[in-house]
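Have a look at the structure below, then the notes.
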């Protein structure tokens with residue numbers, strides 16, 4: 001099966017007065033049709049930036065300096081803005097963290113849904129309105145027929161995020177990029193929204209790129225996971241392997257540092273130090289100063305993804321002929 | 001064991017009325033929001049009481065009440081047996097309680113050097129002067145895992161986790177016995193969160209600290225707490241030893257919360273089947289009558305819609321729920 005989205009060696013730089021910062025360093029990802037891929041990492045790892053670069057919404061001065069992004073075999077990273085705008089919405093939908101800034105406060109939610117569907121699907125007024133109501137029903141908004149004429153401020157946070165999900169899916173895109181869709185919500189609402197996103201993606205065969213820092217959300221939602229650290233993808237694999245049997249020492253440390261809900265330990269495993277800032281990424285593997293399994297090669301050679309146990313990991317422990325690990 | 005802090009039926013209301021002129025024009029009355037409603041708890045020395053709940057449940061208001069940043073509208077808070085208002089009037093007692101805030105980017109003055117930030121309580125209480133201050137600051141910084149030389153830097157030179165260490169050093173500088181920690185790790189990444197939680201537990205063991213710990217994250221709460229209070233719309237709905245609540249949650253809201261949390265165990269399809277719980281937290285300005293949880297509760301009946309539940313003792317736990325009391329749970 002050919003990939004729906006294929007990202008190869010994508011690099012993004014931020015030129016600053018003190019030199020260029022490499023915010024993304026040769027990131028490669030692929031998503032199959034209908035698949036849910038999680039992208040996880042700590043703040044500043046570059047996970048949101050990856051999403052933004054894919055849909056062509058990089059904030060200046062960020063620029064793509066290398067690599068390519070292809071959707072269904074067609075390159076989309078060099079398209080003129082007008083063509084890219086047509087792809088956004090029609091072929092790639094987006095759900096962002098804060099539903100209040102995604103929705104236009106001056107239009108009713110129905111009008112925003114209708115406008116999106118008419119722009120991309122060319123429906124008649126009546127059909128579009130009927131579909132808008134149906135979408136609100138699908139995302140679980142009670143009294144959808146009346147609420148379709150309500151303004152965003154009349155909805156609560158959880159309800160607004162449901163509307164945003166409807167808006168992202170209503171033009172029937174093949175891919176949805178969801179950037180921290182549940183972070184602004186309360187826990188009891190989070191679960192509802194995740195379940196909804198997952199169900200709709202399955203029903204419509206939509207692929208999802210889910211960006212989040214919450215491993216619990218990833219574990220419940222995704223098929224595969226990519227772990228990012230300091231602008232690079234350092235491990236990719238099936239969700240079960242990455243969560244329960246990770247290969248990269250960083251992923252291992254990350255999983256162990258999460259307090260468990262079902263058992264209490266005296267002391268959490270901790271990773272000392274913090275992720276390096278972009279202007280101070282160490283040579284070699286970016287994780288080497290914090291890594292408990294560091295050896296000589298890690299300090300000057302930068303590893304790429306390589307087969308490692310059940311996943312792919314960027315770690316010299318798994319290099320051909322390595323005796324460590 | 002002696003209780004360090006005790007709250008007896010503490011309530012706190014806020015005036016959320018419109019401005020006077022608008023009220024006159026629209027002929028509407030004053031409105032108030034009851035953020036905390038007859039909350040009672042006690043924290044024995046050297047232990048941690050945690051409060052958990054969703055946004056708007058009143059947990060941060062309780063945190064502020066517990067250190068006297070807000071006076072209660074009714075009820076009483078006692079610090080070692082003395083009413084908090086009179087305890088705070090005495091600097092000797094006031095220095096013994098302190099607070100750690102959620103956002104280490106907002107709680108440290110960006111124009112002050114770290115050594116001045118950490119020394120502020122020492123100076124405010126006149127505990128030390130001269131070169132002794134510098135020595136003590138160096139000692140405090142090493143205690144939280146920073147270097148004494150970091151004192152000369154400014155907060156912007158530190159990462160989020162390091163800043164939270166600075167907040168902890170500042171909170172410890174007046175040698176308090178009681179710390180209120182309001183979401184101390186929610187602004188931090190998980191690997192850094194583990195460092196801070198470990199540090200807080202080490203300090204508790206070493207210095208015999210008593211914590212009131214506020215969080216919305218149940219996994220963090222489980223890691224930190226001896227006792228636990230679950231809050232919903234200003235009330236504690238379930239209260240007891242943390243382990244007892246985690247192993248056998250009784251109140252339907254506690255069960256909902258525990259069930260709703262996305263969990264690592266779910267990876268690869270070994271997850272739990274969720275009870276489909278819907279609904280949202282109602283507005284605290286106009287809470288539902290009876291038990292405030294009844295619109296979302298799967299066990300609600302007519303009694304729940306009209307009569308407010310009192311606490312029932314269920315094993316080691318106190319629960320405010322008619323269903324539990326009647327054995328319908």
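Where a number appears in this text, it was derived from the coordinates with a stated rule and is not lab data. In this text the structure is predicted, and so the values were computed from the model without any measurement. Positions of Cβ are generated from backbone atoms using ideal geometry, with glycine treated the same way; all protein chains shown enter the neighbour counts.
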- Task: Would you calculate, for the protein assembly as shown, the mean residue ellipticity at 222 nm contributed by helices, counting each DSSP H stretch of 4 or more residues as -39,500 (n - 2.57) and dividing by all residues, to the nearest 500?
- Result: -9500 deg cm²/dmol
- Query: Spin-label point model (7 Å from Cα, Cβ direction): what's the residue B:15 to residue B:248 distance in nm?
  - Reply: 4.8
- Item | Using a Förster distance of 35 Å, the FRET efficiency for residue A:74-residue A:202 (Cβ separation, nearest 0.05) | 0.85
- Item | Packing-based exposure ordering (other Cβ within 10 Å, fewest first) of B:60, B:225 | B:60, B:225
- Note on the structure: Residues B:223, A:22, A:300, B:239 in order from fewest to most other beta-carbon atoms within 10 Å are A:300, A:22, B:239, B:223
- Message: If I take R0 = 35 Å and measure r between the Cβ atoms of residue B:93 and residue B:131 in this structure, what FRET efficiency does the formula 1/(1 + (r/R0)^6) give, to the nearest 0.05?
- Response: 0.80
- Query: From the square roots a ≥ b ≥ c of the eigenvalues of the alpha-carbon gyration tensor of the stretch B:53-149, which class results: rounded (a/c under 1.5), prolate (a/b over b/c), or oblate?
  - Reply: oblate
- Cα axis of helix B:114-124 to longest principal axis of chain B: angle in degrees, 0 to 90, nearest 10? 80
- Item | For the stretch A:148-191 versus the stretch B:281-297, the gap between their alpha-carbon centres in whole angstrom | 24
- Regarding the protein assembly as shown, what are the three Cα extents along the principal axes, ordered largest first, in Å? 73, 65, 52
- Relative contact order computed over the stretch A:160-291 (Cα-Cα under 8 Å; 6+ residues apart), in percent: 16
- Would you mind computing, in nm to one decimal, how far apart the modelled labels at residue A:299 and residue B:116 are, each placed 7 Å from Cα along Cα→Cβ? 4.0
- Bin all alpha-carbon pair distances of the stretch B:1-84 at 5 Å intervals from 0 and give each bin's fraction as a whole percent. 3, 13, 21, 20, 14, 10, 7, 5, 3, 2, 1, 0
- Mind listing P(r) for chain A? All alpha-carbon pairs, 20 Å bins, whole percents. 30, 55, 14, 0
- Query: What is the Cα centroid distance between the stretch A:58-81 and the stretch B:56-114, reported in whole angstrom?
  - Reply: 51
- Which whole number in µm²/s is D for chain B by Stokes-Einstein, with the Kirkwood Rh taken over Cα pairs at 4 °C and 1.567 mPa s? 60
- Task: Work out Dmax and Rg for the stretch A:47-156 from the C-alpha atoms and quote the Rg first, both in angstrom.
- Result: 16.5, 49
- Obtain the radius of gyration and the Kirkwood radius of the stretch A:121-199 from its C-alpha atoms and give Rg over Rh. 0.96
- Label-to-label distance, nm, for residues given as residue B:175 and residue A:262 (7 Å Cα→Cβ offset): 4.6
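If packing is taken as the average count of other Cβ atoms within 10 Å, what order do A:204-216, B:206-218, A:118-130 fall into, highest mean first?
Ranking the peptides A:204-216, B:206-218, A:118-130 by packing returns A:204-216, B:206-218, A:118-130.
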- Task: Give the angle, between 0 and 90 degrees and rounded to the nearest 10, that separates the Cα long axis of helix A:157-169 from the longest principal axis of the Cα atoms of chain A.
- Result: 90
- Message: With an 8 Å Cα cut-off and a minimum separation of 6 or more residues, compute the relative contact order for chain B in percent.
- Response: 20
- Calculated over the stretch A:219-325: convex hull of Cα atoms, volume per residue (Å³): 114
- the stretch B:177-236-the stretch A:251-324 distance, computed between alpha-carbon centres (Å): 27
- Query: Label point 7 Å out from residue B:202 along Cα-to-Cβ: which residues of the stretch B:141-158 have amide N under 16 Å?
  - Reply: B:141-148
- For helix A:81-90, report the angle its Cα long axis makes with the longest principal axis of the Cα atoms of chain A; keep it between 0 and 90° and round to the nearest 10°. 80
- Note on the structure: Percent of all alpha-carbon pairs of the stretch B:187-240 at distances over 14 Å, whole number, is 61
- the stretch A:1-80: relative contact order from alpha carbon pairs under 8 Å, six or more residues apart, as a whole percent, is 41
- Would you work out if the stretch A:1-112 is rounded, prolate or oblate? Take a ≥ b ≥ c from the square roots of the eigenvalues of the alpha-carbon gyration tensor; rounded if a/c is under 1.5, else prolate when a/b is larger than b/c, oblate otherwise. oblate
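In peptide A:208-217, what is the residue-averaged number of other protein chain Cβ atoms found within 10 Å of each Cβ?
Average neighbour count from other chains, rounded to a whole number: 2.
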- Message: Based on the alpha-carbon set only, what is the convex hull volume of the stretch B:147-277 divided per residue, in Å³?
- Response: 154
- In Å, the Kirkwood estimate of hydrodynamic radius for the stretch A:71-219 over Cα pairs equals 15.6
- Task: Please work out the Cα convex hull volume for the stretch B:137-215 and give it in Å³ per residue.
- Result: 86
